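Okay, so here's the structure we're looking at.
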Amino acid sequence: MVWRGDVVSVLLRLWVRLQLMGWRLWRRRQEAAGGKILFALALVLSAWLGVSPVARVAHLLAGGEEVPPLECESRDGVVGQLPRDHYLYSERYGWFDTAHFATGDPAQVIRDVHAAVARGGDQVVIQQGLRGGITGYTAYYWVSGRVPRDRILGVALGIYLDWSRRFEAWQNRPPRALLGPFTPFAIEDLPSQYVGFYASAHRLDLAYVLACYLDEMEPTDEAPPRLTLAADLAGKVEPVLPGIRRLVNRAFTPLVPTPDGWRRVPWPKALRMMPVGSVSGLWHFVSEETWYFDAALVLAED
(Lines give C-alpha, C1' and ligand atoms only; values in the text may rest on other atoms or scores of the structure.)
Protein backbone atom coordinates (compact mmCIF):
# COMPACT_ATOMS: atom_id res chain seq x y z
CA MET A 1 0.00 0.00 0.00
CA VAL A 2 1.34 3.43 -0.92
CA TRP A 3 0.97 5.94 1.90
CA ARG A 4 -0.16 9.48 1.13
CA GLY A 5 3.17 10.72 2.47
CA ASP A 6 4.98 8.70 -0.22
CA VAL A 7 2.68 10.06 -2.93
CA VAL A 8 3.24 13.63 -1.75
CA SER A 9 6.99 13.05 -1.69
CA VAL A 10 6.93 11.78 -5.30
CA LEU A 11 4.76 14.69 -6.42
CA LEU A 12 7.05 17.19 -4.70
CA ARG A 13 10.04 15.86 -6.57
CA LEU A 14 8.09 15.91 -9.83
CA TRP A 15 7.11 19.48 -9.04
CA VAL A 16 10.76 20.47 -8.56
CA ARG A 17 11.73 18.93 -11.88
CA LEU A 18 8.91 20.73 -13.66
CA GLN A 19 9.90 24.08 -12.17
CA LEU A 20 13.58 23.65 -12.97
CA MET A 21 12.85 22.60 -16.53
CA GLY A 22 10.47 25.53 -17.01
CA TRP A 23 12.94 28.02 -15.56
CA ARG A 24 15.77 26.72 -17.75
CA LEU A 25 13.68 27.00 -20.90
CA TRP A 26 12.62 30.53 -20.05
CA ARG A 27 16.13 31.56 -19.11
CA ARG A 28 17.51 30.35 -22.43
CA ARG A 29 14.56 31.86 -24.29
CA GLN A 30 14.08 28.57 -26.09
CA GLU A 31 10.78 26.80 -26.49
CA ALA A 32 9.12 29.50 -24.40
CA ALA A 33 5.66 27.96 -24.83
CA GLY A 34 6.86 24.63 -23.45
CA GLY A 35 8.50 26.38 -20.54
CA LYS A 36 5.30 28.21 -19.68
CA ILE A 37 3.32 24.99 -19.74
CA LEU A 38 5.80 23.19 -17.48
CA PHE A 39 5.95 26.11 -15.10
CA ALA A 40 2.12 26.32 -14.99
CA LEU A 41 1.91 22.61 -14.16
CA ALA A 42 4.43 23.15 -11.36
CA LEU A 43 2.36 25.99 -9.92
CA VAL A 44 -0.77 23.82 -10.00
CA LEU A 45 1.08 21.09 -8.13
CA SER A 46 2.45 23.59 -5.59
CA ALA A 47 -1.07 24.94 -4.94
CA TRP A 48 -2.44 21.41 -4.47
CA LEU A 49 0.39 20.45 -2.13
CA GLY A 50 0.16 23.69 -0.20
CA VAL A 51 3.85 24.54 -0.48
CA SER A 52 5.78 27.70 -1.24
CA PRO A 53 7.45 27.38 -4.68
CA VAL A 54 10.70 29.16 -3.86
CA ALA A 55 11.00 27.72 -0.36
CA ARG A 56 10.33 24.11 -1.33
CA VAL A 57 12.70 24.26 -4.30
CA ALA A 58 15.50 25.34 -1.98
CA HIS A 59 14.48 22.69 0.57
CA LEU A 60 14.30 19.76 -1.86
CA LEU A 61 17.39 20.75 -3.81
CA ALA A 62 19.21 20.48 -0.49
CA GLY A 63 18.19 16.81 -0.38
CA GLY A 64 14.95 17.31 1.55
CA GLU A 65 16.80 17.90 4.81
CA GLU A 66 18.02 20.89 6.77
CA VAL A 67 21.25 22.36 5.41
CA PRO A 68 24.12 21.03 7.57
CA PRO A 69 26.05 23.63 9.52
CA LEU A 70 29.29 24.97 8.08
CA GLU A 71 32.54 24.15 9.79
CA CYS A 72 33.82 26.72 12.25
CA GLU A 73 36.77 28.53 10.76
CA SER A 74 38.22 31.85 11.93
CA ARG A 75 36.79 31.67 15.45
CA ASP A 76 37.59 28.02 16.09
CA GLY A 77 39.94 28.91 18.92
CA VAL A 78 37.44 30.93 20.95
CA VAL A 79 34.82 28.21 21.41
CA GLY A 80 34.38 27.51 25.08
CA GLN A 81 31.73 27.28 27.77
CA LEU A 82 28.68 29.51 27.95
CA PRO A 83 29.16 32.31 30.48
CA ARG A 84 27.22 32.30 33.73
CA ASP A 85 25.77 35.71 32.97
CA HIS A 86 22.04 35.85 32.25
CA TYR A 87 22.33 37.67 28.92
CA LEU A 88 24.62 37.83 25.90
CA TYR A 89 24.89 40.86 23.65
CA SER A 90 26.08 41.17 20.06
CA GLU A 91 26.22 44.46 18.17
CA ARG A 92 24.98 42.71 15.05
CA TYR A 93 22.43 40.27 16.46
CA GLY A 94 21.30 41.98 19.65
CA TRP A 95 20.46 40.24 22.92
CA PHE A 96 20.13 36.58 23.86
CA ASP A 97 18.81 35.09 27.09
CA THR A 98 20.83 32.07 28.19
CA ALA A 99 17.82 30.80 30.19
CA HIS A 100 15.77 30.58 26.99
CA PHE A 101 18.14 28.35 25.02
CA ALA A 102 16.51 25.32 26.66
CA THR A 103 12.95 26.63 27.05
CA GLY A 104 10.52 23.83 26.29
CA ASP A 105 13.46 21.41 25.96
CA PRO A 106 13.91 21.47 22.15
CA ALA A 107 16.11 18.37 22.20
CA GLN A 108 13.28 16.42 23.83
CA VAL A 109 10.78 17.82 21.32
CA ILE A 110 12.90 16.45 18.46
CA ARG A 111 13.18 13.04 20.13
CA ASP A 112 9.44 12.93 20.84
CA VAL A 113 8.51 13.79 17.25
CA HIS A 114 10.80 11.02 15.94
CA ALA A 115 9.20 8.58 18.39
CA ALA A 116 5.65 9.67 17.51
CA VAL A 117 6.27 9.07 13.80
CA ALA A 118 7.86 5.68 14.53
CA ARG A 119 4.73 4.67 16.49
CA GLY A 120 2.54 5.44 13.50
CA GLY A 121 1.28 8.75 14.91
CA ASP A 122 1.02 9.92 18.48
CA GLN A 123 0.76 12.88 20.82
CA VAL A 124 3.70 15.10 21.75
CA VAL A 125 3.74 17.10 24.99
CA ILE A 126 5.79 20.26 25.55
CA GLN A 127 5.92 21.95 28.94
CA GLN A 128 7.77 24.70 30.75
CA GLY A 129 7.76 25.88 34.34
CA LEU A 130 7.94 29.40 35.77
CA ARG A 131 8.85 30.86 39.15
CA GLY A 132 10.98 27.89 40.10
CA GLY A 133 8.28 25.40 39.05
CA ILE A 134 5.44 27.02 41.02
CA THR A 135 3.39 27.28 37.86
CA GLY A 136 3.83 26.32 34.23
CA TYR A 137 2.42 25.83 30.78
CA THR A 138 1.79 22.61 28.84
CA ALA A 139 0.65 22.17 25.24
CA TYR A 140 -0.29 19.00 23.37
CA TYR A 141 0.26 18.29 19.68
CA TRP A 142 -0.69 15.43 17.39
CA VAL A 143 1.98 14.15 14.99
CA SER A 144 1.02 12.00 12.02
CA GLY A 145 2.66 8.66 11.43
CA ARG A 146 2.97 9.54 7.75
CA VAL A 147 5.65 12.18 8.13
CA PRO A 148 8.38 11.43 5.55
CA ARG A 149 11.76 10.83 7.13
CA ASP A 150 13.25 13.92 5.47
CA ARG A 151 10.56 16.17 7.01
CA ILE A 152 10.65 14.99 10.65
CA LEU A 153 13.05 17.73 11.74
CA GLY A 154 10.97 20.35 9.92
CA VAL A 155 7.84 19.11 11.72
CA ALA A 156 9.63 19.28 15.06
CA LEU A 157 10.69 22.84 14.29
CA GLY A 158 7.18 23.83 13.20
CA ILE A 159 5.72 22.47 16.43
CA TYR A 160 8.40 24.10 18.58
CA LEU A 161 7.93 27.52 16.97
CA ASP A 162 4.15 27.27 17.42
CA TRP A 163 4.58 26.22 21.04
CA SER A 164 7.05 29.05 21.71
CA ARG A 165 4.58 31.69 20.52
CA ARG A 166 1.77 30.13 22.55
CA PHE A 167 4.01 30.05 25.63
CA GLU A 168 4.81 33.74 25.27
CA ALA A 169 1.13 34.56 24.72
CA TRP A 170 0.25 32.54 27.84
CA GLN A 171 2.66 34.65 29.87
CA ASN A 172 0.88 37.74 28.56
CA ARG A 173 -2.42 36.70 30.15
CA PRO A 174 -3.48 37.54 33.75
CA PRO A 175 -2.36 36.85 36.40
CA ARG A 176 1.11 36.13 34.97
CA ALA A 177 1.24 39.39 33.01
CA LEU A 178 0.79 41.32 36.26
CA LEU A 179 3.87 39.68 37.79
CA GLY A 180 6.08 40.18 34.73
CA PRO A 181 4.62 42.83 32.42
CA PHE A 182 7.81 43.04 30.33
CA THR A 183 8.37 39.28 30.08
CA PRO A 184 6.05 38.21 27.21
CA PHE A 185 7.66 38.50 23.77
CA ALA A 186 10.76 40.23 25.13
CA ILE A 187 13.09 41.04 22.25
CA GLU A 188 15.58 38.30 23.20
CA ASP A 189 13.19 35.41 23.97
CA LEU A 190 12.17 33.86 20.65
CA PRO A 191 15.57 34.33 18.92
CA SER A 192 17.21 32.60 21.89
CA GLN A 193 14.81 29.67 21.63
CA TYR A 194 15.46 29.40 17.90
CA VAL A 195 19.22 29.16 18.51
CA GLY A 196 18.59 26.54 21.20
CA PHE A 197 16.58 24.43 18.75
CA TYR A 198 19.25 24.79 16.05
CA ALA A 199 21.96 23.56 18.43
CA SER A 200 19.80 20.59 19.48
CA ALA A 201 18.81 19.73 15.90
CA HIS A 202 22.44 19.62 14.76
CA ARG A 203 23.78 18.18 18.02
CA LEU A 204 26.12 21.09 18.53
CA ASP A 205 27.23 22.74 21.73
CA LEU A 206 25.60 26.15 22.19
CA ALA A 207 28.95 27.80 22.79
CA TYR A 208 30.12 26.40 19.43
CA VAL A 209 27.06 27.77 17.62
CA LEU A 210 27.40 31.22 19.14
CA ALA A 211 31.14 31.42 18.50
CA CYS A 212 31.04 30.12 14.93
CA TYR A 213 27.97 31.65 13.40
CA LEU A 214 27.14 34.79 15.35
CA ASP A 215 29.01 37.97 16.13
CA GLU A 216 31.24 38.59 19.12
CA MET A 217 29.16 38.06 22.26
CA GLU A 218 29.49 40.19 25.37
CA PRO A 219 28.22 38.55 28.58
CA THR A 220 26.10 40.80 30.79
CA ASP A 221 23.60 40.62 33.63
CA GLU A 222 21.99 43.86 32.52
CA ALA A 223 18.56 43.22 31.01
CA PRO A 224 17.86 44.27 27.40
CA PRO A 225 15.83 47.45 26.86
CA ARG A 226 12.11 47.08 27.43
CA LEU A 227 10.82 50.56 26.57
CA THR A 228 11.46 53.08 23.82
CA LEU A 229 10.41 56.59 22.91
CA ALA A 230 10.59 55.85 19.19
CA ALA A 231 7.47 55.92 17.05
CA ASP A 232 5.85 52.62 16.15
CA LEU A 233 7.05 52.64 12.53
CA ALA A 234 7.34 48.94 11.91
CA GLY A 235 4.87 47.37 14.34
CA LYS A 236 7.62 46.24 16.71
CA VAL A 237 6.52 48.18 19.79
CA GLU A 238 3.33 48.41 21.86
CA PRO A 239 1.79 51.45 23.62
CA VAL A 240 2.45 51.72 27.37
CA LEU A 241 1.91 55.41 28.10
CA PRO A 242 1.63 58.43 25.78
CA GLY A 243 4.99 58.74 24.04
CA ILE A 244 6.30 55.49 25.58
CA ARG A 245 6.27 52.11 23.83
CA ARG A 246 7.11 48.59 24.98
CA LEU A 247 9.55 46.73 22.76
CA VAL A 248 8.26 43.32 21.67
CA ASN A 249 9.53 40.69 19.28
CA ARG A 250 7.00 38.19 17.94
CA ALA A 251 9.41 36.70 15.41
CA PHE A 252 12.34 34.31 15.75
CA THR A 253 14.86 36.63 14.12
CA PRO A 254 16.81 39.21 16.16
CA LEU A 255 15.54 42.75 16.70
CA VAL A 256 18.35 45.29 17.06
CA PRO A 257 18.68 49.08 17.41
CA THR A 258 19.97 51.00 14.39
CA PRO A 259 20.33 54.71 13.56
CA ASP A 260 16.99 54.37 11.75
CA GLY A 261 15.22 52.70 14.66
CA TRP A 262 14.66 49.09 15.66
CA ARG A 263 15.08 46.70 12.75
CA ARG A 264 14.96 42.95 12.21
CA VAL A 265 18.19 41.16 11.25
CA PRO A 266 18.15 37.86 9.30
CA TRP A 267 20.13 34.89 10.51
CA PRO A 268 23.30 33.94 8.66
CA LYS A 269 22.59 31.32 6.00
CA ALA A 270 24.13 28.49 8.02
CA LEU A 271 21.58 29.04 10.82
CA ARG A 272 18.46 29.10 8.66
CA MET A 273 16.03 26.20 9.02
CA MET A 274 12.72 25.53 7.32
CA PRO A 275 9.75 24.58 9.54
CA VAL A 276 6.88 22.44 8.31
CA GLY A 277 3.62 24.20 9.12
CA SER A 278 0.43 22.61 10.42
CA VAL A 279 -1.23 23.30 7.04
CA SER A 280 0.79 20.34 5.77
CA GLY A 281 -1.56 18.06 7.71
CA LEU A 282 1.44 16.33 9.29
CA TRP A 283 0.81 17.81 12.75
CA HIS A 284 -1.68 19.98 14.61
CA PHE A 285 -2.18 21.70 17.94
CA VAL A 286 -4.51 19.82 20.30
CA SER A 287 -4.86 21.71 23.60
CA GLU A 288 -3.07 23.65 26.32
CA GLU A 289 -3.26 23.94 30.08
CA THR A 290 -1.83 25.79 33.06
CA TRP A 291 -0.63 23.87 36.08
CA TYR A 292 0.30 24.87 39.64
CA PHE A 293 2.53 23.24 42.25
CA ASP A 294 3.03 19.98 40.38
CA ALA A 295 5.99 18.43 42.18
CA ALA A 296 6.02 15.46 39.77
CA LEU A 297 7.18 17.66 36.92
CA VAL A 298 10.89 18.32 36.61
CA LEU A 299 10.96 21.61 34.71
CA ALA A 300 13.54 24.26 33.98
CA GLU A 301 12.95 27.67 35.48
CA ASP A 302 12.32 30.42 32.94
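The simple spin-label model puts a point 7 Å past each Cα toward its Cβ; for Leu82 and Arg111 those points are separated by 1.7 nm. Inter-label distance, Ala207 to Arg226: 3.1 nm, where each label sits 7 Å from its Cα along the C-beta direction.
Can you figure out the FRET efficiency of Thr290 with Gln123, using R₀ = 30 Å and their beta-carbon distance, to the nearest 0.05? The computed FRET efficiency comes out at 0.95. Judged by the ratio a/c of the largest to the smallest principal axis of the C-alpha gyration tensor, segment 92-231 counts as oblate, that ratio being 1.5 or greater while a/b is no larger than b/c. Across Arg165, Arg246, the residue with the most accessible area heads the list, and the full order at a 1.4 Å probe is Arg165, Arg246.
The values are calculated or read from the model by the stated rules, or taken from the named source; none is laboratory data. As the structure is a prediction and not an experimental result, all values here were calculated from the model. Glycine also receives a Cβ, built like all others from the backbone with ideal geometry; neighbour counts cover every protein chain displayed. Calculation scope for accessible area: heavy atoms of the full protein, side chains included, ligands and nucleic acids excluded. Shrake-Rupley method; radii C 1.70, N 1.55, O 1.52, S 1.80 Å.
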